[in-house]
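The values are calculated or read from the model by the stated rules, or taken from the named source; none is laboratory data. Bear in mind that the values here come from a model prediction, so they are computed numbers and not experimental data. Don't worry about glycine lacking a Cβ; one is built from the backbone with ideal geometry, like all the others, and counts go over all protein chains shown. Side chains are part of the model used for accessible areas, which takes the heavy atoms of the whole protein and leaves out ligands, DNA and RNA. Shrake-Rupley method; radii C 1.70, N 1.55, O 1.52, S 1.80 Å.
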Amino acid sequence: HIAAVLAENVREHELCYRDNADQFGMLLKYRSREKLSARLKMIQEQIHKFRLSSNQDYHILCNFGVMIIEKNGMSDVNADFDTVMNGALLALESVKGNEMDSIAFYDSALHEKAARRTEIENRMWSALERREFVMYLQPKFSLKDGVLHSAEALVRWMPGDGKMLYPDEFIPVFEQNGFITRLDMYMLEEACRCLAGWRDKGYAAVPVAVNQSRIFFYDAKYLNKLEQIVRHYEIDPSLILLEVTETVAMNNLEQIKDVIARLHGMGFKISMDDFGSGYSSLNTLRELDVDEIKLDREFLSTQSDTTRGEAIIRNVIHLAKDLCAATVAEGIETKQQLEFLKSLSCDIGQGYYFSKPVPADIFLQTVSEIGSPQHDTAT
Ligand code: C2E
Ligand code: CA
Ligand code: CA
């Protein structure tokens, strides 16, 4: 069916072929993006119309990745077959997969992104060995009395050759290729090492939160590894808060409920990160027994200035209290935001207003220099 549709749609001096499996290629004449998109949409619809039989409602959805070969030599691409196919495939990979975005055009940013990705993947293992991943800590304060509550561990990548990388640049790559489980374990271990260091120096314990990506829920050895690490450093698991994102939690509620119960049994605390950024927040809340709910940063910054937004935040905080979970507001940048959250009896605050994430080894010193934020606001 697809072959027939494509063959029907190619005009004189145009070509189509099947590459492999469900992948096809077309070489079409180009006038403008709009004209080409309209043409591809038509082809898409014809492919979509296919029915296996009259009583089976099976439709074929197809996506398009497009690479434009410019005739006047303005383009910086070599129009050899492999280059063009690779470009089209890169564009295809960037397709979101919903009906609105089923056609994507290649541009050089895609190429740079792919190159960057390859570089990250080539370097990640040696980076782990060379301890290039560094734990930063950002303090969380109790909003009632301004006392330090805990810290969140945030990873930074310090390559030997200089420029520090932020998580947004490499975490998405690690999440896709699975390396994230290694990194998350490493960060948990760094948190434990830090806690042990503080204990050995006689400092009061400050709980540390570590971020945990989705994959661990499917890794049977995960719980054992966690236990081994806290045992090795002789850390009370209740000093470790595992931050899990809501999207993680939504996929497989039953399994996750079970993992959370076991983690609780071992003494760990669980935090629901980025709450409000997903779609079935209330449902997840109902199902999952978490110790802490972190309101998504975006949620706070874009909604707190409207009455509707305020009503939502206020009620989420109430709801969390009813569920015996602590509420954390992250991304507090202004005194105004802080006062707003205090007025809603939010329990804990985190954000640049108090402190940016700092290297773990200067964390306690930094926090003691900030002092109690509550006093700052009073003066
Ligand atoms: P997140 O867990 O939501 O972490 C909070 C992010 O907000 C951090 O960015 C932090 O630096 C930033 N932030 C804190 N206060 C403010 C503020 O007042 N204003 C603004 N604009 N931003 C603020 P960061 O460190 O770049 O981390 C980004 C994300 O990367 C984290 O989001 C988390 O999802 C992920 N991540 C970081 N470290 C790890 C890790 O070790 N493992 C995993 N799986 N993910 C990590
Ligand atoms: Ca987090
Ligand atoms: Ca967050």
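Couple of notes before you dig in:
- Count of residues meeting criterion [assigned to a loop (DSSP other than H, G, I, E, B), touching a helix residue (DSSP H, G or I) at 6+ places or on another chain (Cβ under 7 Å) and under 20 Å from residue 208 (Cα atoms)] in the range 313-368: 7
- So residue 123, is it assigned to a helix (DSSP H, G or I), more than 10 Å from ligand 1 (Cβ to nearest atom) and either of a type in the set (Ser, Thr, Tyr) or crowded, with 16+ Cβ neighbours inside 10 Å (or both): yes
- Of all residues making up the range 221-238, the number that are open to solvent by 40 Å² or more (accessible area, probe 1.4 Å) and part of a helix (DSSP H, G or I): 7
- Any chance residue 110 is open to solvent by 10 Å² or more (accessible area, probe 1.4 Å) and within 16 Å of ligand 2 (Cβ to nearest atom): no
- Cβ-Cβ distances below 7 Å connect the following pairs, each with a first residue in the range 170-185 that is touching a residue at least 12 places away in the same chain (Cβ under 8 Å), a second residue that is among the acidic types (Asp, Glu) and assigned to a helix (DSSP H, G or I), and a separation of six or more residues or different chains: 173/121; 177/121.
- Scope the range 45-73; condition exposed (fewer than 11 other Cβ atoms within 10 Å of the Cβ) and more than 17 Å from residue 1 (Cβ to Cβ); matching residues: 55, 71, 72, 73
- Residues in the range 157-177 that are open to solvent by 10 Å² or more (accessible area, probe 1.4 Å) and under 30 Å from residue 234 (Cβ atoms): 3 in all.
- Restricting 320, 326 to residues that are within 16 Å of ligand 3 (Cβ to nearest atom), modelled with pLDDT of 95 or more and either closer than 16 Å to residue 245 by Cβ or over 22 Å from the mean Cα position of the chain (by Cα) (or both) narrows the list to 326.
- Residue under evaluation residue 152, criteria (1) under 21 Å from the mean Cα position of the chain (by Cα); (2) outside any strand (DSSP E or B); (3) within 22 Å of residue 270 (Cα to Cα); (4) not aliphatic (A, V, I, L, M), criterion not met: (2)
- Qualifying position, being modelled with pLDDT of 95 or more, assigned to a helix (DSSP H, G or I) and open to solvent by 10 Å² or more (accessible area, probe 1.4 Å), among 199, 182: 199
- Exactly one residue out of 92, 148, 154, 128 is outside the structural domain of residue 345 (by TED's automatic domain parsing) and open to solvent by 20 Å² or more (accessible area, probe 1.4 Å), and it is 92.
- Residue 109 meets all of the listed conditions (1) within 30 Å of residue 39 (Cβ to Cβ); (2) part of a helix (DSSP H, G or I); (3) in contact with a helix residue (DSSP H, G or I) (Cβ under 8 Å, 6 or more places away or on another chain) but one, namely (3).
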